[in-house]
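To start, the structure under review is shown below, and the notes come after it.
The values are calculated or read from the model by the stated rules, or taken from the named source; none is laboratory data. What you are looking at is a predicted structure, and each value in this text was computed from that prediction instead of being measured. Quick reminder, even Gly has a Cβ in these numbers, built from the backbone with ideal geometry, and neighbours come from all protein chains shown.
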Amino acid sequence: MKKYTVYSVILKFVNTCNLGCKYCYVFKSRTTRYEGLQKIISFETYEALLDRIVEHCEQYDIKSFAIVFHGGEPLLFGIENFKKLVALNEKKIKDTGINIGFCVQTNGTLMNAEFADFFSKNNIQVGFSFDGYEEIHNKNRVFKNSEKGSYEAVRKGIEVYKAAQQPIDILSVINENSNPSRFYEELKGIGVNSCSLLLKDADYTNWDNAKTQPIANWLIALFDIWCNDTSDNKPEIAPFTILINLLLGFEEKSNDSFGRRENTSITVLSDGQIRVTGTEDEFENVQFHSFNVKRNSFSEIFEEKVFRMYYDLHSDDVLCKICQKCKIVDICGGGTLSHRYSKENYFNNPTVYCDVMKILTTYIQHSLIDKMPVELREKLKLQKLNISEL
């Protein structure tokens with residue numbers, strides 16, 4: 001059997017949230033999988049997870065691993081419980097020779113000086129979920145059971161974290177109706193170090209092709225603004241940086257959305273269930289339900305087809321025939337698995353964002369070539385992609 005190695009865990013250890021984001025794929029999804037789960041992970045379950053991580057790292061001689069504390073809203077776990085987790089980490093990992101990095105993905109509304117100081121002192125990275133300027137952020141990211149936007153609370157949390165001399169990394173869900181210039185100005189005004197743009201949860205059961213051009217236009221407009229920024233505080237923006245690196249041949253920059261590398265991440269829920277990382281609706285009828293860190297190793301989960309499929313999501317074994325024949329498949333990688341889902345073919349489809357990726361990748365490739373010296377372009381015999389041939 002092929003060797004399947006896991007290098008990171010998305011730990012959804014808090015199954016509750018103080019926000020009620022309108023596009024939330026956890027608490028507003030079609031699946032009922034999160035109903036009935038315990039609200040907060042037990043220390044027994046967390047200890048079992050650490051045991052599984054150490055077991056897996058020792059089995060495959062893995063020296064570096066990552067845990068992302070996710071939710072729900074992780075800060076609802078409380079500072080005292082976080083201190084207990086750090087003590088457990090010390091107890092379980094100290095003499096193993098394994099370096100485990102930790103990250104918290106938070107909506108930022110509960111960030112305070114105590115959290116900021118604690119995360120800073122314990123080398124726990126923090127990512128903020130933040131959609132941009134006030135008007136656009138507050139359209140979707142509202143408080144639970146309320147229409148009150150969370151912008152002011154998030155900005156306050158970010159400023160508190162900045163005061164601890166920490167970098168500001170954000171995840172931002174793309175809103176093609178927002179103003180790209182205002183969005184970028186917001187990033188610069190905050191002093192964001194890196195921003196990862198996320199495409200909204202979508203598949204063939206709810207996709208509208210009319211969204212393709214507006215999303216592509218928004219991304220291109222933002223790319224131009226970002227590309228022409230020559231200031232010292234220019235943030236990194238994915239997918240732009242990822243696509244540029246892949247177009248230049250740096251295959252190691254692949255991730256679960258782009259390129260051809262294997263996807264080595266899994267998700268663990270608050271009760272210890274092991275899941276495929278990503279949105280849940282598409283896996284409701286195809287995913288095996290019984291794996292749990294309390295009784296299963298990470299190697300065991302790959303006995304189930306859907307875990308193997310997710311691990312190899314960018315390979316020809318999983319990609320549909322259309323993707324395999326595409327000229328930019330090594331760049332796009334077919335996109336994320338959940339975005340390929342249809343009731344008829346399951347995941348045997350191109351991503352619903354296929355045309356968006358074609359337009360954006362072509363535009364960036366043309367921009368790179370245009371910025372190259374003519375002599376270098378001729379020496380490398382570079383040809384611009386023709387989108388009609390993709």
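Are any residues in segment 76-110 closer than 22 Å to ASN18 by Cβ and either touching a helix residue (DSSP H, G or I) at 6+ places or on another chain (Cβ under 6 Å) or touching a residue at least 60 places away in the same chain (Cβ under 8 Å) (or both), and if so, which ones?
Within segment 76-110, LEU76, PHE77, ILE79, VAL104, GLN105, THR106, ASN107, GLY108, THR109, LEU110 meet the criteria.
Would you pick out the residues in segment 168-196 that are under 20 Å from the mean Cα position of the chain (by Cα), charged (D, E, K, R) and either within 14 Å of GLU135 (Cα to Cα) or outside the structural domain of LYS156 (by TED's automatic domain parsing) (or both)?
GLU176
One line per residue, one yes/no per condition, for (1) among the acidic types (Asp, Glu); (2) over 17 Å from PHE223 (Cβ atoms):
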{"site": "VAL154", "(1), (2)": "no, yes"}
{"site": "LYS162", "(1), (2)": "no, yes"}
{"site": "PRO167", "(1), (2)": "no, yes"}
{"site": "LEU171", "(1), (2)": "no, yes"}
{"site": "GLU176", "(1), (2)": "yes, no"}
{"site": "PRO180", "(1), (2)": "no, no"}
{"site": "VAL192", "(1), (2)": "no, no"}
{"site": "LEU197", "(1), (2)": "no, no"}
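Condition check: more than 21 Å from the chain's Cα centre (by Cα) and not in a helix (DSSP H, G or I). Does THR109 satisfy that? I'd like the intermediate steps shown before the answer.
On the way: more than 21 Å from the chain's Cα centre (by Cα): no; not in a helix (DSSP H, G or I): yes.
No: the conditions fail for THR109.
Sort through ASP330, ASP370 and tell me the only one that's of a type outside the set (S, T, N, Q) and without any contact (Cβ under 8 Å) to a residue 24 or more places away in the chain.
Details: ASP330 fails: without any contact (Cβ under 8 Å) to a residue 24 or more places away in the chain.
ASP370 is the lone residue from the list that is of a type outside the set (S, T, N, Q) and without any contact (Cβ under 8 Å) to a residue 24 or more places away in the chain.
Going through segment 207-217 one residue at a time, which ones are among the hydrophobic types (A, V, I, L, M, F, W, C), out of contact with any helix residue (DSSP H, G or I) (no Cβ under 6 Å at 6 or more places or on another chain) and surrounded by 13 or more Cβ atoms within 10 Å (Cβ to Cβ)? Reasoning before the result, please.
Residues of segment 207-217 among the hydrophobic types (A, V, I, L, M, F, W, C): 207, 210, 215-216.
Filter once more, so that each one left must be out of contact with any helix residue (DSSP H, G or I) (no Cβ under 6 Å at 6 or more places or on another chain): 207, 210.
Within segment 207-217, just TRP207 meets the criteria.
Quick check on this structure: which one of LYS294, LYS211, LYS234 is modelled with pLDDT of 95 or more, within 24 Å of ASN15 (Cα to Cα) and in the same structural domain as GLU186 (by TED's automatic domain parsing)? I'd like the intermediate steps shown before the answer.
Working: LYS211 fails: within 24 Å of ASN15 (Cα to Cα); LYS234 fails: within 24 Å of ASN15 (Cα to Cα).
The conditions single out LYS294.
Among all residue pairs at least 6 apart or on different chains, which show Cβ distances below 9 Å where the first residue, located in segment 249-263, is over 19 Å from LEU198 (Cα atoms) and the second is charged (D, E, K, R) and not in a helix (DSSP H, G or I)?
Close Cβ pairs satisfying both conditions: GLU251/ARG260; GLU251/ARG261; GLU252/ARG261; GLU262/ASP312.
Scan segment 346-354 and tell me whether some residue there is modelled with pLDDT of 95 or more and under 17 Å from the mean Cα position of the chain (by Cα).
Taking every residue of segment 346-354 in turn, at least one turns out to be modelled with pLDDT of 95 or more and under 17 Å from the mean Cα position of the chain (by Cα).
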